[in-house]
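Below: the structure, in structure tokens.
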Amino acid sequence: MTINAAFNSGIIDTAVNGAVNYADAQKKEQITFDDLDKNIQDIVNKIESYDIGGNNPTPDTPVPPQDGSWNGEVNSPKVEGTGLIPVYHNGISWVDLTENSTEDEWNKWYDYENKQWANARTKDGSMWVWIPRYEYKIDRTAKIIDVRFIEGTSTTATSGYILHPAFSTDIGMGGWDSNIAGFWVAKYPAGWQNGQGTSLGNVEMSNISYQTSATIETYAGTITNETTKMSYPVFKANTYAYNNISVGDAYTLSQDIKNASRYGLSNVDSHLEKNSEWGAVAYLAHSKYGVNGQDLIQPNKTNKNNNSIRIYAVTSPESVTNTSTTQNITGVYDMSGCILERTATFLTGGTTSYKKGMPTGSNSKYVTLYSGTIGKSGDATNETRGWNVDYSNFVTSSYPVFIRGGSFGDNEFTCGVFAFNGTTGGPDNNSGFRTVLIP
């Protein structure tokens, strides 16, 4: 409302009269003109602060919490201060959510009750999915996983339930150095930057050299020494999966993602996915928030057979949602098939030359050690061993590194979210990796 309109409507007259009456009550002779003018201006400012006549902009759209705090149902996805950009899918493409987005748009960000998991992207377009803190209970006979989200970083589990170790401080079980509200997992296995090109081309290289001294034929060319640099990965749909990389190199490259400017991250830790984190995603996928106990996650069997550049697996297109943990576009893709995924796990006393760069002397928040042939709670080995006929071969001294999920070449009845095997961790055509972010 303009000041002229306020005069015409008599509002200012009324305000002035009110100010004068106040002056009379306080002895008019002690009130200066400046005092009256200030009183009138205060009233005018107060009037203009109201949206009389619709001249002021409408109130800002309430932006939901983005700091990992409890929203009444689940810990909100933590993007605040991280450089991650929240996104939703409009049926055609991913759309960034900003302070200018409408309430309806923000409501499309996530809804775990309806199997809509929260997604975000990094500056390079790589996609990430929020896995909120939860507790779980398993009925092994019925093969049912009951998941309940936990408020904030509470460590008190409901009777009969287990706080999932991936969110806890139990390092030996795959925990972190603090209780966390949740974590971001790469939506797809690592891929090569140029999608499905025939060579690396003009891509951004890291300053990290391959750590294997063997002569290896890769998409990047022939590696004959330890001076060849690795290119940064992307985590996107429909791109060649990053292969021919050792577990030590995948570990080192994942550690560097938090530092590389191409991703635009801050206040975030990045690392090679651990068994506990794989299990946390797999259990959530198998719960009512995902496929609800049904063996519905189809293996990605795409095989390009591109022998000239030694590329075979391709991450799923967005539209092929039957390879997603939610059977819709918001889930985590390719946890069954596509490419075998090394995890940051190691058998105590195991021997391999491919762990270089990956510290395996003791448990840490980055590496989980195993002993014997017994899995850990929450890691989707012991508790769910053999579910859905997924293969379940434990690590050994000669094959001390876990690989998860199966590859494009595995039998569709044996690979899956509960599949695991042991490997030397050496580079090969059908093995890759996935990265996790801890905000």
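The values are calculated or read from the model by the stated rules, or taken from the named source; none is laboratory data. Quick caveat, the model's predicted, so the values are computed rather than measured. Here the Cβ positions follow ideal geometry from the backbone for every residue, glycine too, while neighbour counts run over all protein chains shown. Side chains included, ligands, DNA and RNA excluded: accessible areas come from the protein's heavy atoms. Shrake-Rupley method; radii C 1.70, N 1.55, O 1.52, S 1.80 Å.
Kindly indicate which of Thr348, Thr352 is without any contact (Cβ under 8 Å) to a residue 60 or more places away in the chain and open to solvent by 10 Å² or more (accessible area, probe 1.4 Å). None of the other options fit; the residue is Thr348. Among residues of the range 369-381 being open to solvent by 10 Å² or more (accessible area, probe 1.4 Å) and over 25 Å from the mean Cα position of the chain (by Cα), the one that is nearest to Ile171 (Cα to Cα) is Ser371. Taken together, the criteria exclude Asn238 from residues that are touching a Pro at 6+ places or on another chain (Cβ under 8 Å), more than 24 Å from Lys115 (Cα to Cα) and not in a helix (DSSP H, G or I).
In the set (1) touching a helix residue (DSSP H, G or I) at 6+ places or on another chain (Cβ under 7 Å); (2) hydroxyl-bearing (Ser, Thr, Tyr); (3) open to solvent by less than 10 Å² (accessible area, probe 1.4 Å); (4) under 24 Å from Ile144 (Cα atoms), the condition left unmet by Thr435 is number (4). Remark: pairs (first residue in the range 413-429, farther than 26 Å from Thr348 by Cα; second residue of a type in the set (Phe, Trp, Tyr) and surrounded by fewer than 23 Cβ atoms within 10 Å (Cβ to Cβ); Cβ separation under 7 Å; 6+ apart in sequence or on different chains) = Thr414/Tyr391; Asn429/Tyr312. In the condition set (1) at pLDDT 95 or above; (2) open to solvent by 10 Å² or more (accessible area, probe 1.4 Å); (3) more than 29 Å from Trp192 (Cβ to Cβ); (4) part of a loop (DSSP other than H, G, I, E, B), Thr384 is compliant with all but (2).
If the condition is being buried (at least 24 other Cβ atoms within 10 Å of the Cβ) and either of a type in the set (Asp, Glu) or in a loop (DSSP other than H, G, I, E, B) (or both), then the range 290-325 contributes Gly290, Ile297, Pro299, Ala313, Thr315, Thr325. If you check every pair at least six apart or on different chains, which have Cβ atoms under 7 Å apart with a residue in the range 276-301 that is on the phi > 0 side of the Ramachandran plot first and a residue that is surrounded by fewer than 19 Cβ atoms within 10 Å (Cβ to Cβ) and not in a helix (DSSP H, G or I) second? Sorted first by the residue in the range 276-301, then by its partner, the pairs are Gly293/Lys143; Gly293/Ile144. Restricting the search to strands (runs of 3 or more DSSP E) fully inside the range 115-213 and requiring at least 1 residues that are within 30 Å of Ile374 (Cβ to Cβ) and open to solvent by less than 60 Å² (accessible area, probe 1.4 Å) gives 127-132, 134-139, 144-149, 182-186.
Among the residues making up the range 396-406, those that are over 17 Å from Leu296 (Cα atoms) and crowded, with 24+ Cβ neighbours inside 10 Å are Pro400, Val401, Phe402, Ile403, Arg404. Screening Tyr161 against (1) touching an Asp or Glu at 6+ places or on another chain (Cβ under 7 Å); (2) aromatic (Phe, Trp, Tyr); (3) closer than 19 Å to Gly72 by Cβ leaves a single unmet condition, (3).
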